[in-house]
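The structure appears right after this line, and notes come after that.
The values are calculated or read from the model by the stated rules, or taken from the named source; none is laboratory data. Just so we're clear, the structure is a prediction, and the values are computed from it rather than from any experiment. Positions of Cβ are backbone-derived with ideal geometry, glycine not excepted, and every protein chain shown enters the neighbour counts. We work out accessible area using only protein heavy atoms, side chains counted, and drop any ligands, DNA or RNA first. Shrake-Rupley method; radii C 1.70, N 1.55, O 1.52, S 1.80 Å.
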Amino acid sequence: MAINGINSFSASYFNYQSSINNLRLAQAFTKNPKLNSVASNSLNTSYRNNTMNSQVGFVKDYSSSMTNLMNAANSLKSTNSSGVMNDMVVSSSDNAVATATEKLTVRNAKDIDLNVLQLAQSQVNVSDGVKASDMAQTDMNFTVGNEQNSVKINVSAVDQNGNARSNLQMLQEAAGQINRNGSPVKASVIQKDGVASLQLEGSSTGAAHSFQVTGQLGAAAGVDKVQTEAANAKYSVTTDGKTTQHESYSNQITFDSTRIEVNLKGVGNTKIRADVDTEKVASSINNLVDAYNSSLKLLNDNHGRGSGVERQLRNMLSGLGSDQSLKQLGISVQKDGTLAFDKKTFTKNMDENPSWTKRAISGAGGLADNAFSKASSGLNTSSNSLINGNVTNSRSQSQAATNPYNVFRMYSKSGIYTMNNYNAVGMMLNYLI
């Protein structure tokens, strides 16, 4: 058997011959009784398999750990449109004055001072009270409505059998006709201590939704008189130091181009706020701290595996921000380099100084940026550098230098340009003869 010479004429041909030489060399070793054990140990050993499995397992764990840290940091980055720092929640400081909800997606944080001066009201008319059990004296024949819509009410003082109806029966029949015929008012019968009256209330609030009652009222006498006037809501809004006055026919109003829906409940002042959800942000910070601590533990437990692990461990231990910034977020550094998160401190600072706290989280050079950068740097570390400490110990170096298969393999791959035919043949003869 001959091993090809070194003086070939192209790199591609050298590479091809390299593979052929390795195969022939392995075959030669396995047929030589003197070196069979050496080749066997070099090519396939349980030690190498176990070492390889351990290395692959660590690289997978390392990659998963850095990915988890990156994802946790990304959820807090302001540039992440789906992250918690861009997930606005709408609230009112006094729900007795107004409640607020997000109708459409709110894109930016905002504070709105709302002063409710008057609620929108429906018109209300109430008839004079009559004894419910007394017999009706006259028929009812009246109209309820406005210029756009009205209904006529006709109630006889006697029923189909010619029996006299009571005042209560007359009022109940009138209310039924009003509610069945699409009137712009809602009718109800009020009873107390044997006295009954007919109440009419406009179906809509606002000064434009008033109504009139005209005709023969009978048992509902007095229902043509207004007890409560229809009225618009009146309120003022202050944003960025500028106050404007407003009116609305409804107690349901909107802000921020209809993105925020507000229901007026009473007279007074309240602050409508659109801002990040403090609970969600706190949960995301806690997840980041857990991911950071987990990554730090993995690196510390495997610090001897390779130079890449050592570099990333130093990178992580350099911290995620200044002491002042971390303190503002309720984060403290423990003696072993891990982090601890105090939700109460974070929530307090978020309420008292939200702008500064949010900058410390997602601003340039903030917690999220720093953690994301460290995780990204870790993921860019080569796999070889993560485990090179495992394969460069003195014993393995010595074995590699004296192992004939490794020597020939080394020169068949990279020594072909510097090693002449005489040296190659000489080395071959020394090993194989």
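Within the range 136-182, take every residue that is among the aliphatic types (A, V, I, L, M) and part of a loop (DSSP other than H, G, I, E, B) and give me the one that is nearest to Gln199 (Cα to Cα).
Ala136
Does the range 303-319 contain any residue that is within 25 Å of Thr357 (Cβ to Cβ), buried (at least 19 other Cβ atoms within 10 Å of the Cβ) and out of contact with any Gly (no Cβ under 6 Å at 6 or more places or on another chain)?
yes
Answer yes if at least one residue in the range 61-84 is within 30 Å of Ile260 (Cβ to Cβ), touching a strand residue (DSSP E or B) at 6+ places or on another chain (Cβ under 8 Å) and either of a type outside the set (A, V, I, L, M) or modelled with pLDDT of 55 or more (or both), and no otherwise.
Yes, because at least one residue in the range 61-84 is within 30 Å of Ile260 (Cβ to Cβ), touching a strand residue (DSSP E or B) at 6+ places or on another chain (Cβ under 8 Å) and either of a type outside the set (A, V, I, L, M) or modelled with pLDDT of 55 or more (or both).
Can you name the condition, by its number, that Ala100 falls short on among (1) under 30 Å from Ile361 (Cβ atoms); (2) surrounded by fewer than 14 Cβ atoms within 10 Å (Cβ to Cβ)?
That leaves (2) as the condition not met.
From the set of residues in the range 326-339 that are within 25 Å of the chain's Cα centre (by Cα) and closer than 22 Å to Gln312 by Cβ, which is surrounded by the most Cβ atoms within 10 Å (Cβ to Cβ)?
Filtering first and then ranking leaves Ile331.
Considering only residues that are among the charged types (D, E, K, R) and either surrounded by 20 or more Cβ atoms within 10 Å (Cβ to Cβ) or part of a strand (DSSP E or B) (or both), which ones fall in the range 263-297?
First, pick out the residues of the range 263-297 that are among the charged types (D, E, K, R): 265, 271, 273, 275, 277, 279-280, 290, 297.
Those that are among the charged types (D, E, K, R) and either surrounded by 20 or more Cβ atoms within 10 Å (Cβ to Cβ) or part of a strand (DSSP E or B) (or both): Lys271, Arg273, Asp275.
Take Thr345 and decide whether it is among the β-branched types (Val, Ile, Thr) and open to solvent by 40 Å² or more (accessible area, probe 1.4 Å).
Working: among the β-branched types (Val, Ile, Thr): yes; open to solvent by 40 Å² or more (accessible area, probe 1.4 Å): yes.
For Thr345, the condition - among the β-branched types (Val, Ile, Thr) and open to solvent by 40 Å² or more (accessible area, probe 1.4 Å) - is met.
Which condition breaks for Ser362 when tested against (1) polar (S, T, N, Q); (2) under 21 Å from Ser75 (Cα atoms); (3) open to solvent by 40 Å² or more (accessible area, probe 1.4 Å)?
Only one criterion in (1) polar (S, T, N, Q); (2) under 21 Å from Ser75 (Cα atoms); (3) open to solvent by 40 Å² or more (accessible area, probe 1.4 Å) is unmet by Ser362, namely (3).
Scan the range 377-399 and report the pairs whose first residue is under 15 Å from Met66 (Cβ atoms) and whose second residue is open to solvent by 60 Å² or more (accessible area, probe 1.4 Å) and at pLDDT 90 or above, with Cβ atoms within less than 8 Å and a gap of 6+ or a chain change.
Thr381/Arg311; Ser385/Arg311
Evaluate the range 187-200: report whether one residue or more is surrounded by fewer than 20 Cβ atoms within 10 Å (Cβ to Cβ), more than 30 Å from Lys234 (Cβ to Cβ), of a type in the set (A, V, I, L, M, F, W, C) and without any contact (Cβ under 8 Å) to a residue 12 or more places away in the chain.
Among the residues of the range 187-200, not one is surrounded by fewer than 20 Cβ atoms within 10 Å (Cβ to Cβ), more than 30 Å from Lys234 (Cβ to Cβ), of a type in the set (A, V, I, L, M, F, W, C) and without any contact (Cβ under 8 Å) to a residue 12 or more places away in the chain, which makes the answer no.
I need the full set of residues from the range 229-262 which are closer than 30 Å to Val126 by Cα, open to solvent by 50 Å² or more (accessible area, probe 1.4 Å) and either part of a strand (DSSP E or B) or small (Gly, Ala, Ser) (or both), in order please. First the steps, then the outcome.
Going through the range 229-262, the residues closer than 30 Å to Val126 by Cα turn out to be 229-235, 247-253.
Those left that are additionally open to solvent by 50 Å² or more (accessible area, probe 1.4 Å): 229, 234, 247, 249, 252.
Within the range 229-262, Lys234, Glu247, Gln252 meet the criteria.
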